[in-house]
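Read the structure below first, then the notes.
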Amino acid sequence: SIYTRQSSDNGASFGTNHRFQQHLCECCRIGLTWTREGPVALWRNIFGTNTRDFAIANVDKGGLRRATDDEWQIDACPHNGGGIATDGRGQLHLVWFTNGKTRQGLFYKRIDSGWESQPLSIGNPASQANHASVAAEGRTILLTWREFDGRSYSAQLMYSNDGGASWSEPQGLMESSGATDYPVPLIDGKKVLIVWHPATEGLRILPFERVVSAI
């Protein structure tokens with residue numbers, strides 16, 4: 001189950017635990033974003049007997065909606081959650097990994113009310129592209145993910161300056177020969193940072209200047 005607990009005073013105090021959703025994949029991370037209508041969650045749900053695709057819903061109002069239709073039927077947890085962000089127009093931007101019957105690999109899509117874009121394949125499947133994150137500010141959208149070429153891990157980035165309608169080419173930002181976590185994009189309207197923590201090099205925070213002027 002997913003449980004939520006909310007604060008209305010900037011984290012000084014919290015309300016009671018609330019069970020938001022039952023019957024979901026047990027190990028994948030949960031995505032969360034703020035929209036004009038309140039907080040929205042993204043998680044890997046279990047549809048039918050054992051189909052582990054993603055769902056979204058408003059945390060306050062409910063209304064579960066199937067967000068991906070990949071038909072990934074697996075009797076195990078993929079350990080590979082999705083990411084979600086809201087842009088200045090209120091569009092939702094989703095990233096996720098799947099190995100389903102319909103499609104396999106890392107994908108991006110945007111949702112605007114009842115309209116959805118077609119899933120866009122991102123990353124290099126031959127380099128195990130997975131564990132993506134997304135951040136949005138105004139009409140600028142950032143996607144990051146990790147790849148492994150057999151020798152080293154790399155943090156990858158794509159960005160859009162038109163709300164996800166078009167995208168830059170993928171760019172490798174950092175590499176590490178040891179174990180790493182997953183790159184996270186941060187954006188605040190003034191600057192862009194990519195945060196990554198390789199085990200050997202320690203925490204790395206990379207400013208990405210080329211996006212800033214377009215925000």
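The values are calculated or read from the model by the stated rules, or taken from the named source; none is laboratory data. What you are looking at is a predicted structure, and each value in this text was computed from that prediction instead of being measured. Note that we place each Cβ from the backbone using ideal geometry, even for glycine, and neighbour counts take in every protein chain shown. These accessible areas exclude ligands, DNA and RNA; they are computed on the full protein's heavy atoms, side chains included. Shrake-Rupley method; radii C 1.70, N 1.55, O 1.52, S 1.80 Å.
Ser127 - would you say it is without any contact (Cβ under 8 Å) to a residue 60 or more places away in the chain and open to solvent by less than 20 Å² (accessible area, probe 1.4 Å)?
In short, yes.
Of the conditions (1) under 18 Å from Arg44 (Cα atoms); (2) open to solvent by 50 Å² or more (accessible area, probe 1.4 Å), Ser166 satisfies every one except a single condition; which number is it?
It fails just one condition, (1).
Taking the conditions exactly as written (surrounded by fewer than 21 Cβ atoms within 10 Å (Cβ to Cβ), touching a strand residue (DSSP E or B) at 6+ places or on another chain (Cβ under 7 Å), of a type in the set (A, V, I, L, M, F, W, C) and at pLDDT below 95), does Leu173 satisfy them or not?
For Leu173, the condition - surrounded by fewer than 21 Cβ atoms within 10 Å (Cβ to Cβ), touching a strand residue (DSSP E or B) at 6+ places or on another chain (Cβ under 7 Å), of a type in the set (A, V, I, L, M, F, W, C) and at pLDDT below 95 - is met.
Within the group Ser117, Ser121, Ser133, which residue is farther than 29 Å from His18 by Cα, in contact (Cβ under 8 Å) with a residue 24 or more places away in the chain and of a type in the set (Ser, Thr, Tyr)?
Ser117 is the lone residue from the list that is farther than 29 Å from His18 by Cα, in contact (Cβ under 8 Å) with a residue 24 or more places away in the chain and of a type in the set (Ser, Thr, Tyr).
Mind checking which strands (runs of 3 or more DSSP E) fall wholly inside region 16-61 and carry at least 2 residues that are among the polar types (S, T, N, Q)?
31-35
Give me a count of the residues in region 74-97 that are in contact with a His (Cβ under 9 Å, 6 or more places away or on another chain) and either without any contact (Cβ under 8 Å) to a residue 24 or more places away in the chain or in a strand (DSSP E or B) (or both).
Total meeting the criteria: 5.
Select from region 1-21 the residues that are out of contact with any strand residue (DSSP E or B) (no Cβ under 6 Å at 6 or more places or on another chain) and open to solvent by 100 Å² or more (accessible area, probe 1.4 Å) and write down the one among them that is nearest to Pro78 (Cα to Cα).
For region 1-21, the residue satisfying everything is Arg5.
Which ones in region 22-62 are among the basic types (Lys, Arg), open to solvent by 40 Å² or more (accessible area, probe 1.4 Å) and within 15 Å of the chain's Cα centre (by Cα)?
Residue satisfying the conditions is Arg29 alone.
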